[in-house]
1. Under a crude label model (7 Å from the Cα following the beta-carbon direction), how far is Leu62 from Ile17 in nanometres?
2. Want the number for His7 to Ile98: 0.36 nm per residue separation, take away the alpha-carbon distance, what's left?
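All of the numbers you see were taken from the coordinates with simple rules; none came from a lab. Computed from a prediction, not measured in an experiment: that's the story for all the values here. Backbone-built Cβ (ideal geometry, glycine too); neighbour counts: all protein chains shown.
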Amino acid sequence: MSDTICHNLGLHYDPQIQLNMQSANGTVNKSLGLARNMPCHVGDITLYLQIHVIHDPAYNILMGQPFDVLTKSIVCNYANEDQTITICNPNSGEVTTIPTLPRGSHKHRLKPDKETQNFHVTSKN
C-alpha cells in the first residue's frame, strides 16, 4: 500500500518491520513498515491483511500472491477488456466477485470508518 493511502486512512504501522521491495524495473527500496491484521472489507467478506507500506509506489494498493493464496482468487478476463476477480472467505467459504478498474481510472476511494478503524471502498460521487 502506498504511504499516501496509508496516511489518508490513518492506519498505524510498525516501522521496525521492513522488507527490501524490488520493483518491476529492478530497483530495490525498503518498505516503511508493516500494518498488522488490518481488516479489509470486500463485498460482505472481511479479510485481515498484513499490509506493507511503501513510499511513493506506482500503485495505491497491490495485492500479490499471499492475497491470491488466502482468498483462492480467480481472475476472469473478457473480450471487451473487462476483468473480474472472484475471492473466497477462508473462514466461512463465502464467495464474492468484484470488478477491476483500468490503470489510472480511480472511480472509488478508500474511506476509513472512525468507529471500527476498518476501511471501505466508496464512490467519489
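1. A separation of 1.9 nm, rounded to one decimal place.
2. Numbers: separation 91, 0.36 × 91 = 32.76 nm, distance 2.51 nm.
Fully extending the segment from His7 to Ile98 adds 30.2 nm.
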